[in-house]
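Below you'll find the structure, written out as structure tokens, and then a few comments.
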Amino acid sequence: MNRFGRALLACVVLLSAMGPASAAPWAYITNQASNDVSIVDGERLTEVARVAVGKSPAGVVVSEAARRVFISNADAPSISAIDLRTGTLVAELKLESTVVGMAAAPDGKTLYLADWYRDQLLVVDTATLSIQRSVPVGHVPAGVVVSPDGAWVFVANREDNDVSIIDARDGESIGRVPVGEHPFAIGLTPDGRRLLAANVVSNDVSIVDVAERRETTRIPVGTAPYGIAFNADGSRAFVTNQHADSVSVIDLSRLTVSATWPAAEAPEGIAWSSGRVWVVSWMEDRLQLLDEHSGKEVASVDLGSNPRGFGPFLTATVPEIGQ
């Protein structure tokens with residue numbers, strides 16, 4: 001083999017080792033007023049389908065492990081399950097009370113639901129979509145998040161101004177951590193060491209040391225912080241400020257707001273992917289794609305009516321409808 005042939009072979013081997021180029025994620029965004037879910041192709045930046053679900057969908061959690069997207073329908077309460085491969089509705093769980101916030105265990109076997117009016121966390125088997133048990137928490141539980149190892153579940157108790165910590169193995173509450181006024185969304189940094197709580201009345205974000213189980217600081221943000229997302233290494237957090245029409249960027253090494261970006265009206269759900277911050281506008285019925293460094297809008301996608309997108313709504317799985 002000559003020099004050119006060897007060089008060409010080396011390039012082929014390198015490209016094979018790298019694998020296929022990573023595609024942009026897809027999004028499943030709840031539309032509260034139109035009672036459906038928008039499926040958005042992140043590569044083409046267009047809505048490709050809408051899936052009818054229950055009444056007033058708000059919460060969403062994508063579980064790659066379960067191969068499902070779970071949707072909480074606040075009125076006529078229920079949970080809808082959408083197949084990630086086909087983008088179709090495949091199951092429904094009727095509930096006795098309203099659920100908004102949800103989280104899935106990393107292994108995809110368990111779904112956790114915050115029962116808004118009954119002050120409890122419902123533990124659901126994702127294979128059968130059946131309730132296995134309930135765990136008492138604080139008043140008006142909202143956001144839910146699970147630790148990366150699946151060992152702990154955290155629940156924001158909106159009316160008690162604190163966060164419950166639940167042992168996922170036995171369902172026992174091991175304590176509560178006071179935070180700001182009316183925590184709604186909560187999020188864990190990718191390493192699981194710090195929990196952030198968006199406090200919608202005190203207009204700040206609590207930083208909680210998970211190992212020490214205590215709030216270490218509060219960072220003022222915009223009015224009515226609603227959603228939280230992180231970049232891949234956890235160095236930055238992105239927080240939507242619903243009543244300020246903005247996104248706060250928090251530098252987690254300095255624990256300060258490093259930038260405030262203008263956003264569409266009433267931003268709620270938020271997510272991060274490489275190069276982009278995805279922001280759901282409740283009042284403008286659209287999804288904004290912002291440059292993750294400058295905050296400038298790079299694209300906009302029309303959605304259904306009053307979109308919320310409360311929870312992790314991005315997926316790497318491309319449904320068959322996009323083929």
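The values are calculated or read from the model by the stated rules, or taken from the named source; none is laboratory data. Keep in mind the model is a prediction, meaning the values are calculated, not measured. Because the Cβ atoms are built from the backbone with ideal geometry, glycine has one as well, and the counts that use them run over all protein chains shown. Areas reflect the complete protein model, heavy atoms only, side chains present, ligands, DNA and RNA absent. Shrake-Rupley method; radii C 1.70, N 1.55, O 1.52, S 1.80 Å.
Give the number of residues within region 168-186 that are surrounded by fewer than 23 Cβ atoms within 10 Å (Cβ to Cβ), assigned to a strand (DSSP E or B) and under 21 Å from the mean Cα position of the chain (by Cα). Final tally of qualifying residues: 0.
Residue-wise test of (1) touching a Ser or Thr at 6+ places or on another chain (Cβ under 7 Å); (2) at negative phi; (3) among the hydrophobic types (A, V, I, L, M, F, W, C).
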site: Ala224; (1), (2), (3): no, no, yes
site: Ile228; (1), (2), (3): no, yes, yes
site: Asp233; (1), (2), (3): no, yes, no
site: Arg254; (1), (2), (3): no, yes, no
site: Gly269; (1), (2), (3): no, yes, no
site: Trp282; (1), (2), (3): no, yes, yes
site: Lys296; (1), (2), (3): no, yes, no
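Taken over region 251-273, the criterion of being under 21 Å from Glu47 (Cα atoms) and touching a residue at least 60 places away in the same chain (Cβ under 8 Å) is satisfied by Gly269, Ala271, Ser273.
So which residues in region 222-268 are open to solvent by 10 Å² or more (accessible area, probe 1.4 Å), more than 16 Å from Val200 (Cα to Cα) and of a type in the set (Val, Ile, Thr), if there are any at all? Of everything in region 222-268, those that are open to solvent by 10 Å² or more (accessible area, probe 1.4 Å), more than 16 Å from Val200 (Cα to Cα) and of a type in the set (Val, Ile, Thr) turn out to be Thr256, Val257, Thr260. Residue pairs whose Cβ atoms lie under 6 Å apart, separated by 6 or more positions or on different chains, with the first residue in region 301-323 and at positive phi and in contact (Cβ under 8 Å) with a residue 60 or more places away in the chain and the second buried (at least 16 other Cβ atoms within 10 Å of the Cβ) and of a type in the set (Gly, Ala, Ser), are Gly309/Gly269; Gly311/Gly59. The criterion of at least 1 residues that are open to solvent by less than 10 Å² (accessible area, probe 1.4 Å) is met by the following strands (runs of 3 or more DSSP E) wholly inside region 68-109: 68-75, 78-83, 99-104. Among residues that are over 24 Å from Ala33 (Cα atoms) and either in a strand (DSSP E or B) or not acidic (Asp, Glu) (or both), Ala264 is not included.
Is one or more of the residues making up region 141-157 touching a Lys or Arg at 6+ places or on another chain (Cβ under 8 Å) and of a type in the set (A, V, I, L, M, F, W, C)? Yes, that holds for at least one residue.
Yes or no, residue by residue, for (1) under 23 Å from Ala237 (Cβ atoms); (2) β-branched (Val, Ile, Thr); (3) free of Cβ contacts under 8 Å to residues at least 60 places away in the same chain:
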site: Leu84; (1), (2), (3): no, no, no
site: Glu92; (1), (2), (3): no, no, yes
site: Ser97; (1), (2), (3): no, no, yes
site: Val124; (1), (2), (3): no, yes, yes
site: Val135; (1), (2), (3): no, yes, yes
site: Gly150; (1), (2), (3): yes, no, yes
site: Ala156; (1), (2), (3): yes, no, yes
site: Gly171; (1), (2), (3): no, no, yes
site: Ala198; (1), (2), (3): yes, no, yes
